[in-house]
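K.L.:
One structure follows; several queries about it will come next.
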Amino acid sequence: MTDADLLKEAERLSALLAEQAARHDRETSFPEEGREAIIRSPLNTALLDGASWLTFGQILAILSRGDASFGTVWLMHQGSGIAFLALPDPALVAFFNAEFRRGAWFGNALGEPTSGNQFLVPQQQARRVEGGWRLSGAKRFVSGGERAQYLVTSAVCDGQPGFFLIDKDDSIRVEEIWDPMGMRATRSQLLHFQDTLLPESRRLKLDPTQPNAIAAGLAWISIGIAEAAMGFAIGYAKERRLPPENRPLAEMQWIQFSVADMSIRLEAARSFAMRSAMATDRRDPDFPLLQMQAKVVANEAAVANSTAALELAGGSGYLRSRPIERYVRDAMSGPLMAWSPAVTRDFLGKLLLGLQGPPPG
Ligand SMILES: Cc1cc2nc3c(=O)[nH]c(=O)nc-3n(C[C@H](O)[C@H](O)[C@H](O)COP(=O)(O)OP(=O)(O)OC[C@H]3O[C@@H](n4cnc5c(N)ncnc54)[C@H](O)[C@@H]3O)c2cc1C
């Protein structure tokens, strides 16, 4: 498939996702029909099959425009699924390649209740056993984790952080904590690990100089939300007529300025995300920093565009019968997800001022 075909396919799925997004948000239910559609679609293996980081990001923004919760679980599935490439045993690489291609679902179980933004620095200790380590602990906010068959997870193993691709077996129990303000369909639950085996053969040999889908993708989820909010605002401004002259809202200058600002923010976020994706494609040394900065710009654009669209729509936008209040709630999650804009500013500010601390973990 060409890049243009992949983007067209993403538009088709985005429309399907948008039809069910309000229901899944209201019911806090997993977008299963989206999962079933995407595992049959070439989108699911596009990155594995060599799509550029730019195309991957654009696909993710289109899907997130339809349902940002789905965009989030799909990103976690992609980032965790493709981690199989870092397994040392070629037979296991072949096994997981087949699993991923047949549509097995993967989750990212890295965040610990105590680690917060430092999700790459596990605190929980695993104990050495024959053939690997065993972990008793908990991982928090595992998007799509209930549905996942396999998880990427981490623990301190013999004093060092270890990352593993494991089966989600019976030693892992889901605790329902997910009753959040937004991103409700991600069902990002707490997972309890009870003496879970982390096999040595499943330990990932991660190369920190190589891109990772989750860090590359997060900005694009916010871009999808910012696009959805602007699309809503333009439609509503044309549709709503105000008494006494029955003139469209769109004729008011502040509305024109408001949608112009939305477009400027969106283009700034897209431009930064594209620059960061192209730097990632070229493996420019500064791509990780550009990804962090692009996420800040996109997170802030999504929050600003969705709240501006809510202001434009007034009380009608405040009702659940319109999607805008969901866009606002979903947009608010972007800056909370690691790394937060505060973490990025802390790192970048110190770097620029010659007070360089360690990169965020
Ligand atoms: C919708 C959603 C889905 C998620 N999905 C997953 C998933 O699938 N898998 C997964 O592993 N995790 C997931 N997460 C977790 C997420 O990525 C973050 O790791 C987590 O939200 C951050 O931890 P915390 O909220 O405990 O924040 P903390 O790290 O405790 O931060 C608290 C506050 O301190 C600030 N802060 C922290 N460190 C610094 C610093 N160095 N400088 C300045 N300020 C700082 C933060 O900005 C924040 O304001 C998800 C989160 C959300 C909201």
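Just so it is clear, none of the values below were taken in a lab; they were calculated from the coordinates. Keep in mind that this is a model prediction, so the values were computed, not measured. Note: ideal-geometry Cβ built from the backbone for every residue, glycine included; neighbour counts use all protein chains shown.
K.L.:
With θ set to phi - 60°, apply the Karplus curve 6.51 cos²θ - 1.76 cosθ + 1.60 along segment 190-197 and write out the HN-Hα couplings as whole Hz, x wherever there is a Gly or Pro.
P.N.:
Karplus values, whole Hz, x for Gly and Pro: 8, 10, 9, 9, 10, 6, 6, 6.
K.L.:
I'd like the Karplus ³J(HN,Hα) series for segment 256-267: coefficients 6.51, -1.76, 1.60, θ = phi - 60°, whole numbers in Hz, and an x wherever there's a Gly or Pro.
P.N.:
4, 5, 5, 6, 5, 5, 4, 5, 5, 4, 5, 5
K.L.:
Multiplying the sequence separation of Asn246 and Arg283 by 0.36 nm and subtracting their Cα-Cα distance, what value in nm do you get? Kindly include the intermediate steps, with their values, before the conclusion.
P.N.:
Working: separation 37, 0.36 × 37 = 13.32 nm, distance 5.53 nm.
So the extension gain works out to 7.8 nm.
K.L.:
Counting only C-alpha contacts under 8 Å and six or more residues apart, can you give the relative contact order of the chain as a whole percent? Numbers along the way, then the final one.
P.N.:
Details: 655 pairs, mean separation 63.3, N = 361.
That works out to 18 percent.
K.L.:
Any idea what the relative contact order of segment 106-202 is, in percent, if you count C-alpha pairs under 8 Å spaced at least 6 apart? Before the final figure, lay out each step's value.
P.N.:
Values: 225 pairs, mean separation 32.3, N = 97.
Rounded, it is 33 percent for segment 106-202.
K.L.:
What residues have an amide H closer than 5 Å to that of Phe163, excluding those fewer than 5 places away on the same chain, when H is modeled at 1.01 Å from N in the peptide plane?
P.N.:
Leu204
K.L.:
By count of other Cβ within 10 Å, fewest leading, how are Lys8, Lys168, Lys139 ordered?
P.N.:
Lowest to highest Cβ neighbour count: Lys8, Lys168, Lys139.
K.L.:
While we're here: Post the alpha-carbon centroid distance, segment 239-285 to segment 131-192, in whole angstrom.
P.N.:
Here the two parts' Cα centres lie 37 Å apart.
K.L.:
Pairs Lys8/Lys238; Lys8/Lys205; Lys205/Lys295; Lys8/Lys168: which exceed 32 Å Cα-Cα? Don't jump to the answer; show the numbers that get you there.
P.N.:
On the way: Lys8/Lys238 27 Å; Lys8/Lys205 35 Å; Lys205/Lys295 26 Å; Lys8/Lys168 34 Å.
Too far apart for the 32 Å limit: Lys8/Lys205; Lys8/Lys168.
K.L.:
What are the principal axis extents of the Cα atoms in segment 213-352, in Å, biggest first?
P.N.:
59, 25, 24
K.L.:
Sticking with this one: How far apart, in nanometres, would the label points at Arg12 and Gln149 be if each is projected 7 angstrom from Cα along the Cα-to-Cβ direction?
P.N.:
Placing both labels 7 Å beyond Cα along the Cβ direction yields 2.4 nm.
K.L.:
From the square roots a ≥ b ≥ c of the eigenvalues of the alpha-carbon gyration tensor of segment 106-161, which class results: rounded (a/c under 1.5), prolate (a/b over b/c), or oblate? Provide the component values of the computation, followed by the final result.
P.N.:
Values: a/c = 2.39, a/b = 1.31, b/c = 1.83.
Because a/c hits 1.5 or more and a/b fails to exceed b/c, segment 106-161 counts as oblate.
K.L.:
Could you pull out every residue, at least 5 positions away or on a different chain, whose amide H is within less than 5 Å of the one on Trp133? Hs are placed 1.01 Å off N in the peptide plane, and Pro or chain starts have none.
P.N.:
Distant-sequence amide H within range of Trp133: Leu198, Glu200.
K.L.:
Same structure, new question: Counting other C-beta atoms within 10 Å, which of Ile39, Ile223, Ile166, Ile59 has the fewest, and how do the rest follow?
P.N.:
Values: Ile39 17, Ile223 31, Ile166 21, Ile59 27.
Exposure proxy ranking, most exposed first: Ile39, Ile166, Ile59, Ile223.
K.L.:
Measuring from centroid to centroid over Cα atoms, what is the spacing of segment 36-82 and segment 292-315 in Å?
P.N.:
Taking the Cα centre of segment 292-315 as reference, the centre of segment 36-82 is 22 Å away.
K.L.:
Further question on the same structure: Which percent, nearest 5, of DSSP beta bridges in segment 106-202 are antiparallel?
P.N.:
Numbers: 24 of 30 bridges.
Percent antiparallel among DSSP bridges in segment 106-202 is about 80.
K.L.:
When a/c is below 1.5 the answer is rounded, else prolate if a/b is larger than b/c, else oblate, so apply that to segment 252-310 with a ≥ b ≥ c taken from the square roots of the Cα gyration tensor eigenvalues.
P.N.:
Numbers: a/c = 5.07, a/b = 2.79, b/c = 1.82.
Prolate shape, in that a/c is at least 1.5 and a/b is the bigger ratio.
K.L.:
Report for the chain the percent antiparallel among DSSP-assigned beta bridges with both residues inside it, nearest 5.
P.N.:
80 percent
K.L.:
Give, in nm to one decimal, the length gained when the segment between Ala260 and Ser201 is fully stretched (0.36 nm per residue of separation minus the Cα-Cα distance). Each step should come with its number before you reach the end.
P.N.:
Values: separation 59, 0.36 × 59 = 21.24 nm, distance 5.39 nm.
My answer for the length gained is 15.8 nm.
K.L.:
Would you please give the FRET efficiency between Tyr318 and Leu355, computed as 1/(1 + (r/R0)^6) with r the Cβ-Cβ distance and R0 = 56 Å, to the nearest 0.05?
P.N.:
On the way: r = 44 Å, r/R0 = 0.79.
The computed FRET efficiency comes out at 0.80.
K.L.:
Distance in nm between label sites at Met1 and Arg101, each 7 Å beyond Cα in the beta-carbon direction?
P.N.:
That separation, rounded to one decimal, is 1.6 nm.
K.L.:
Now a separate question. Please give me, ordered by residue number, the trypsin sites (Lys or Arg not before Pro) of segment 253-314 that lie in loop per DSSP and have at most 11 other Cβ atoms within 10 Å.
P.N.:
On the way: sites: Arg265, Arg270, Arg275, Arg282, Arg283, Lys295; in loops: Arg283.
Answer in residue order: Arg283.
K.L.:
Further question: Residues with beta-carbon under 12 Å from that of Val174, excluding Val174: net charge, scoring Lys, Arg +1 and Asp, Glu -1? Could the numbers behind the result be given before it?
P.N.:
Values: positive: Lys139, Arg140, Arg147, Lys168, Arg173, Arg187; negative: Glu146, Asp170, Glu175, Glu176.
The answer is +2.
K.L.:
Moving to a separate point now. Treating each Cα of the chain as an identical point scatterer and ignoring solvent, apply the Debye formula and state log10 I(q)/I(0) at q = 0.08, 0.10 Å⁻¹.
P.N.:
-0.40, -0.62
K.L.:
Over the C-alpha atoms of segment 284-350, what are the Rg and the largest Cα-to-Cα span, Dmax, in Å?
P.N.:
For segment 284-350, the Cα radius of gyration and maximum Cα-Cα distance read 14.8, 48 Å.
K.L.:
Related question: Run the quick spin-label model on Glu27 and Ala94: label points 7 Å from Cα toward the beta carbon, then report their separation in nm to one decimal.
P.N.:
So the two model labels end up 4.2 nm from each other.
K.L.:
Report, in debye and to the nearest 20, how large the dipole of the chain comes out about its Cα centre when Lys and Arg carry +1 and Asp and Glu carry -1 on their Cβ.
P.N.:
Numbers: 38 positive and 41 negative charges, 61 e Å.
For this selection, approximately 300 debye.
K.L.:
Turning to a different aspect of this structure: Mind listing the phi-derived Karplus ³J(HN,Hα) values for segment 41-46, rounded to whole Hz, using 6.51, -1.76 and 1.60 with θ = phi - 60°, and x for any glycine or proline?
P.N.:
In residue order, the calculated couplings are 9, x, 4, 5, 10, 4 Hz.
K.L.:
Hey, could you pull the Cα Rg and Dmax for segment 3-101, both in Å?
P.N.:
Radius of gyration, then largest Cα-Cα span, for segment 3-101: 14.0, 44 Å.
K.L.:
Rounded, prolate or oblate: which one fits segment 98-223, using the alpha carbon gyration tensor with axes a ≥ b ≥ c (rounded when a/c is under 1.5, else prolate when a/b beats b/c, else oblate)?
P.N.:
On the way: a/c = 1.43, a/b = 1.29, b/c = 1.11.
Because its axes are fairly even, with a/c under 1.5, segment 98-223 counts as rounded.
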